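Right, one structure below, let's go through it.
Bear in mind these aren't lab numbers, they're just calculated from the coordinates by the rules spelled out. Quick caveat, the model's predicted, so the values are computed rather than measured. Glycine also receives a Cβ, built like all others from the backbone with ideal geometry; neighbour counts cover every protein chain displayed.
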Amino acid sequence: MIRFDRVSKVYKRGARPALDRVSLEIEREEFVFLVGASGSGKSTFLRLVMREEQATSGRVYVAGREITALSQWKVPGLRRRIGVVFQDFRLLPGKTVFENVAFAQQVIGRPRHTIARDVPETLELVKLSGKEKRLPHELSGGEQQRVAIARAIVNRPAILLADEPTGNLDPSTSAGIMQLLDRINRTGTTVVMATHDENIVNQMRKRVIQLIDGEVVRDQEYGTYDSAEGLDDPDAGGRARPGGAGRVGSIPAGATLAETMEHTPETEGGAA
Amino acid sequence: MTRLRFVLGELGQGLRRNLPMAISVVLVTFVSLTFVGAAALLQMQIGKLKGEWYDRVELTVWMCPDRDKPIVATCAGGEASQNQIDEVRGILESDGLAPYVQEIYFETKEEAYTALQKQVGDLDWFDRVTVEMMPSSFRVKLADPTQIDVVADEVSGRAGVESVQDLRAIWEPVFLVMNRATALSIGLAAVMTVTAVLLITTTIRLSAMSRRRETEIMRFVGASNFFIQLPFMLEGALAALVGAALATTTLWLGVRYGVEEWLSSSVNIVNDYISTADVWLIAPGLAVIGIAIAAVSSIVSLSRYTRV
């Protein structure tokens, strides 16, 4: 679904590259954690997938197409196949929950009857039915993030990119968000989540790709993450992944934990 | 349909949010287009004044008409005879003047009467004018207008010639004033147009800033560049169109009450004034210029402020 072929990104000439010859492949329907400290290149990775930025060298493939050479007018088409969620939600403050989600469909010209069908369906999936008419500031942080997720998936993208989606949320609220992302992943959406929240990574036991200073230092199935750990200890809690393609069965290990989370009562306060 | 409603909604929101700016854009466009329109109308008036003769004729040789009392000595013999007319024609067509004269047209008394009738036929005093009172004349187009004296000297003072008139000498000061006024209008229009472009650019930048969140999300969910930029472009275009409408209204009122009502009744030497019909003629041009101003501003600012 996403393939990086010796991709480097240098923002300022002469500066240390934000990504340094990164090669990796993320398969369809995979759930991948992108971990690393701030400035390790996680966000740059996501921005390259969306063609927010262009690679300085190397090739990026998304959904079978090379996007490094994509002409500018085809970029919107690429982005329609990708949903994005951010740490700061980025909802439109003047629009209701329903309007915020519908916005993503309106601006790409979806007909009204499609919007009338898809938006309530998506809001139900993120468990926000009944709050359609609320404004973002009337919602808790977790609820706001659910609206943002609904907006990201309402157009049924093949890929969901999440840039520290739980960064502003307390642990129990985060668990609810993770449960939701996991459910979205099971419906066939490839999910790539950048995070440095080790608890979440360790609970979910998904594939973990660790970046340090723009280089992939670890790529591991059912991986864990210890933010204090340095370059070493590649086998911590998981099986080292042979680089490149050919991946099978990603769900089982994390499933039990995800299931346990499903019974976690939602205790969201006004965390906004 | 969804798209159209959505774009119009965004447009309305943008205008509400930025109302004082939108108003100033409208006003600046309005003033700029009024000057453009005024310049165009002045030139149209000049065109009407020049009439059908001016650009073809530099020199008019008036032959003596049938007057009770001749006003010049050369007309002592009364109305110019056919011989005298032939003599003048002979001089004008002579080899000596051939390098200076390009074209000669002889206007008979009857033609002069018809032309006058066409111009002022509906005025009271015209009833007392007869064909016999009209002078016949030679209209002469010169090869080189600066050599007018050479030709004038040859024919003036001859028997049967009442006067030799340099048509340009009469109208030139009038046209000079009008052309200066046109230049002034165009100059002011240019300044106002630059102001309009800068102001629209600033307005678009402001509204792009205030809609940064929206445009960012639009980009993320894959809205096309055109769709993202459309509300901004429409905002500019709408302001420009309202400005053009105001300018047209102002010019219309000016011509209706300034020219049609006042000038044409108080200044009689000119018969052919511009009318409100001429205002309608230039109105589409003003709209086009207004939209062009908005388009240029949009292109400049959007490429800078709504990165894709």
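List of remarks:
- Using a Gaussian network model of chain B in which every pair of alpha carbons under 10 angstrom is joined by a spring, one finds that among B:Arg211, B:Arg89, B:Arg128 the greatest mean-square fluctuation is at B:Arg128.
- Amide H within-cut-off set for A:Gly58, under 5 Å, with H built and near neighbours excluded: A:Ser8
- Relative to the compact-globule estimate of 2.2 N^0.38 Å, the Cα radius of gyration of chain B comes out at 1.52.
- Remark: mean inter-chain Cβ contacts per residue of A:80-88 equal 2, using a 10 Å Cβ-Cβ cutoff to other protein chain atoms.
- Taking amide H as placed 1.01 Å from N in the peptide plane, the amide H of A:Leu19 sits under 5 Å from that of A:Lys9, each at least 5 places away or on another chain.
- Legend: calculated FRET efficiency, B:Asp95 to B:Ala169, from the Cβ-Cβ distance at R0 = 25 Å, rounded to 0.05, equals 0.35.
- Sequence-separation-based contact order of region A:88-156, relative, with Cα cut under 8 Å and 6+ spacing, percent: 51 percent
- Assuming charge only on the beta carbon of Lys and Arg (+1) and of Asp and Glu (-1), the dipole of the protein assembly as shown about its Cα centre is about 3240 debye to the nearest 20.
- Among the listed pairs B:Lys48/B:Lys118; A:Lys95/A:Lys131; B:Lys50/B:Lys118; B:Lys69/B:Lys109; A:Lys12/A:Lys74, those beyond 24 Å (Cα-Cα): A:Lys12/A:Lys74
- Here the contact order of region B:1-125, divided by its residue count and restricted to Cα pairs under 8 Å and six or more residues apart, works out to 10 percent.
- Region A:85-159 and region A:160-187: distance between their alpha carbon centers, rounded to Å: 15 Å
- Dividing the mean sequence gap of close Cα pairs (under 8 Å, 6+ apart) by how many residues region B:111-237 holds gives a relative contact order of 12 percent.
- Approximate spin-label separation A:Asn199-B:Arg5, in nm, with each point projected 7 Å along Cα-to-Cβ: 4.5 nm
- With each label modelled as a point 7 angstrom along the Cα→C-beta vector, the A:Ala69-A:Arg21 pair spans 2.3 nm.
- Whether the protein assembly as shown is rounded, prolate or oblate, judged on the alpha carbon gyration tensor where a/c under 1.5 counts as rounded: prolate
- With the Kirkwood sum run over all distinct C-alpha pairs, region B:215-303 has a hydrodynamic radius of 15.7 Å.
- For region A:68-189, fraction of C-alpha pairs farther apart than 17 Å, in %: 55 percent
- Cut-off under 5 Å, modelled amide H: who pairs with A:Gly223 long-range: A:Lys206, A:Arg207, A:Val208
- Label point distance in nm, B:Thr130-A:Glu138, each placed 7 Å from Cα along Cα→Cβ: 9.6 nm
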